[in-house]
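The structure under discussion appears below in the form of structure tokens.
None of the figures in this text is laboratory data; all of them are computed from the coordinates on show. These numbers come from a predicted model, not from an experiment. Every residue, glycine among them, receives a Cβ derived from its backbone with ideal geometry; neighbour counts consider all protein chains shown.
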Amino acid sequence: MKNFIEELLKVNDKFEENTKKGMSDINIFEALGVEYKENYHSKFIAYLIDPHSDHYQELFANEFLKKLGRYTKAKKFKNLTAHDIESVETEACAKDNRRIDILISLKDKRYIIIENKLYAKDQPNQLKDYIKHIREKVKNIDDFHENILTIYLHKNEDTEPSKYSLGIKNGFKINDDLIYDSNDKKMSFYLKMDYKWIKEWINACIGVCENKVKNNEIDKKFKNDMQNVIFTLNQYKTLLTWYVAIDDYVAKDYVMEFLKSSKENLNNATNLYRYTKNKSDFKDVDNDKYKKAKEIVREKWDEICEELMSEFMDKLEKKFKNKKIRKNIFLVEKYHDKINSTKNFFTIYHEKDIDGTIIPTFNLYFCGKNYKNLRINFCITYYYENDEERKEYDEKIKNFKSAIQKIIQEIKNQNLNISKASIFKKIILGEKNQDIDYEFIYDMIDYDKTTKDDKFKTIEDCIYNEIKNFIENDTIKKALNEAKEVLKFDK
């Protein structure tokens, strides 16, 4: 511990010294707390693309369309310029008061749909409804699909729209660069886009602006304006590097890098955060150095937790991705919610059941603040496509409530929420648990010790095994069968 505190103070001194020399991690987007909010990302991206906004956007729109032309196979969306853009909208109204994240309307009834999925999960029938809505605008055009380009913008380059989003019943499907309906009719061209793509475009925009300054194409009295534009674009590019498009990650804070550089450093930081000077680990540490080190860790603690949880979620996603349980492939939807810690942050469901209306779903979430414990909630979800179906389901669900209560009681009687893995005492089914703040974080950092005698090597293994056992349980099979029987339509 003594050596750790000495190293931490050295790193912090270097950080403070460089800060005095002019190094800065100030970022206006981060200061406003919008780094994780996809609607703000959508607004900024749309603002840069819209040539009818203020000055310079025509340059950025041209760069976007030029890059788009190199990636898409849709002929009507190649060789576009800013002059082809009729309008750019965010939160554009679609079917049933749904909102398209970004809708670019081109002249001659051509449309670009951009569905931005930074952290929010897919919604049922989302892309399907958007495409059907735009299809009505071009229904009188032969080969109408050639006039629609649907872009799925996601943080991860290998994440595609789920069947959940493409349609619960009679869903759409993606084949190469086209989207088809359930009858194999072409509905739209398709392009997968990630935030590395966006960052490359932003970088190109910065280059265009810098060249204009370098080549004296900007009037002297407006050079400060152009420098402000370059600064803003660089701020957004930096934000993407820190939080989203981390292909060329640069540490924004090497005190944090030091704290996260090893399991031992994380354990020491945790001990500093949790315990007082009375702990034996600190007996040989100078009191002033101890206080300074503790202050540093407390300042960084929330950021440590956020980064650890982000890494945990990525690992959990990889653990479940394309895994089979009883011939069912899992689909995983991960999303970040910084504001409301009671919301689900991870949803797992069966690909097999996605084409029907009954979907067995597991939600992983923290209830309350400060990562007290991770919980698993199992539910049987049903979806409807129109008001007529909704009314029919509402009536059927009334008759199903008593059956559900019996099933829940049977689940509780079987103690399905209990696992031999010690970490799983925090993972429970619908019951409130009063644990200490950050207990899940502490266990995650110290997991090697808590499971040294257990057959599971990681928390992800524990969660996977628990859900596997849950799905294979006869009670759950019975619940799903009863739900499908009671809620099915006579059609």
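One table, with the values for the structure above:
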| item | result |
| --- | --- |
| Which of C205, C305 has the fewest Cβ neighbours within 10 Å, and the rest in rising order | C305, C205 |
| Per-residue ³J(HN,Hα) for region 257-269, Karplus 6.51 cos²θ - 1.76 cosθ + 1.60, θ = phi - 60°, Hz, x for Gly and Pro | 4, 5, 4, 9, 6, 7, 4, 5, 5, 5, 4, 5, 5 |
| Under the Karplus curve 6.51 cos²θ - 1.76 cosθ + 1.60, θ = phi - 60°, whole-Hz ³J(HN,Hα) for region 300-309, x wherever Gly or Pro sits | 9, 4, 4, 5, 4, 4, 4, 5, 4, 5 |
| Efficiency of FRET from Cβ geometry, S310 and N287, R₀ 45 Å, rounded to 0.05 | 0.80 |
| Relative contact order %, region 38-197, counting alpha carbon pairs below 8 Å whose residues are six or more apart | 18 percent |
| Distance in nm between pseudo-label sites at D25 and D142 (7 Å out along the Cβ direction from Cα) | 6.0 nm |
| Whole-Hz couplings from phi, Karplus 6.51/-1.76/1.60, listed for region 66-79; x for Gly and Pro | 5, 5, 4, x, 6, 9, 7, 9, 7, 4, 6, 10, 9, 6 |
| Cα-projected label distance for V208 with N39, points at 7 Å along beta-carbon direction, nm | 2.9 nm |
| Efficiency of FRET from Cβ geometry, D184 and E7, R₀ 60 Å, rounded to 0.05 | 0.45 |
| For D194, residues with placed amide H under 5 Å, excluding near neighbours | H154 |
| Under-5 Å amide H pairs with F172, H placed in peptide plane, nonlocal only | G167 |
| K173-K318 FRET efficiency (beta carbon distance; Förster radius 22 Å; 0.05 resolution) | 0.35 |
| Region 61-164: C-alpha gyration tensor shape, a/c 1.5 cut-off, then a/b vs b/c | oblate |
| Summed residue charge, Cβ within 12 Å of F189's Cβ, Lys/Arg positive, Asp/Glu negative | +3 |
